[in-house]
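The values are calculated or read from the model by the stated rules, or taken from the named source; none is laboratory data. Note that the structure is predicted; figures quoted are calculated from it, not measured. All Cβ positions, even for glycine, are placed from backbone atoms using ideal geometry, and neighbour counts span all protein chains on display. These area figures cover heavy atoms from the full protein model, side chains too; ligands, DNA and RNA do not enter into them. Shrake-Rupley method; radii C 1.70, N 1.55, O 1.52, S 1.80 Å.
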Amino acid sequence: MNQQNEFLSNLSDFLYPRSPYSGEFKQEYLTFNANLQDFSQRVNYICSLQTGGKLSPEDAYKQIQILWKHLKSSKKDLGIS
């Protein structure tokens, strides 16, 4: 069971890489950075699906637009100017 947990942990690290935050330490900045990295990863997947012909350009655009609105909303909710 431990070997399976380690495999899943490594797989998660591979699929969802995270970079360490090195900016000014404030909780809202740290939270926004995590949201920004998530946004970046999702946009990358959408671009790859569109490039591979699995997603139309219109659908890719709509999905990225929705993600962008969520990111802008999170910035506003966190009180970051």
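Somewhere in the range 23-30, is a residue part of a helix (DSSP H, G or I), open to solvent by 80 Å² or more (accessible area, probe 1.4 Å) and not small (G, A, S)? Within the range 23-30, one or more residues are part of a helix (DSSP H, G or I), open to solvent by 80 Å² or more (accessible area, probe 1.4 Å) and not small (G, A, S).
Here the condition is being without any contact (Cβ under 8 Å) to a residue 60 or more places away in the chain and in contact with a Pro (Cβ under 7 Å, 6 or more places away or on another chain); of Q3, Q63, Q50, it holds for Q50 alone. Is at least one residue of the range 31-46 assigned to a helix (DSSP H, G or I), surrounded by fewer than 10 Cβ atoms within 10 Å (Cβ to Cβ) and under 18 Å from the mean Cα position of the chain (by Cα)? Checked against the condition, which is being assigned to a helix (DSSP H, G or I), surrounded by fewer than 10 Cβ atoms within 10 Å (Cβ to Cβ) and under 18 Å from the mean Cα position of the chain (by Cα), the range 31-46 yields no hits at all. Might you check whether a residue that is out of contact with any Pro (no Cβ under 9 Å at 6 or more places or on another chain), within 16 Å of I80 (Cα to Cα) and in contact (Cβ under 8 Å) with a residue 12 or more places away in the chain occurs anywhere in the range 23-30? Yes, there is a match, as at least one residue in the range 23-30 is out of contact with any Pro (no Cβ under 9 Å at 6 or more places or on another chain), within 16 Å of I80 (Cα to Cα) and in contact (Cβ under 8 Å) with a residue 12 or more places away in the chain. Applying the criterion of being part of a helix (DSSP H, G or I) and either of a type in the set (S, T, N, Q) or under 16 Å from F39 (Cβ atoms) (or both) to the residues of the range 3-22, the residue that is most open to solvent (accessible area, probe 1.4 Å) is Q3. Could you tell me whether the range 38-54 includes any residue that is touching a His at 6+ places or on another chain (Cβ under 8 Å) and either modelled with pLDDT of 90 or more or of a type in the set (G, A, S) (or both)? Yes, because at least one residue in the range 38-54 is touching a His at 6+ places or on another chain (Cβ under 8 Å) and either modelled with pLDDT of 90 or more or of a type in the set (G, A, S) (or both).
Among all residues of the range 52-68, there is at least one that is assigned to a helix (DSSP H, G or I), over 16 Å from Y16 (Cα atoms) and hydroxyl-bearing (S, T, Y). Among the residues examined, L67 qualifies as in contact with a Lys or Arg (Cβ under 6 Å, 6 or more places away or on another chain) and either loosely packed, with under 10 Cβ neighbours inside 10 Å or modelled with pLDDT of 95 or more (or both). Each residue in the range 6-22 was checked for being in contact with a helix residue (DSSP H, G or I) (Cβ under 9 Å, 6 or more places away or on another chain) and either touching a residue at least 60 places away in the same chain (Cβ under 8 Å) or not hydrophobic (A, V, I, L, M, F, W, C) (or both), and 5 pass.
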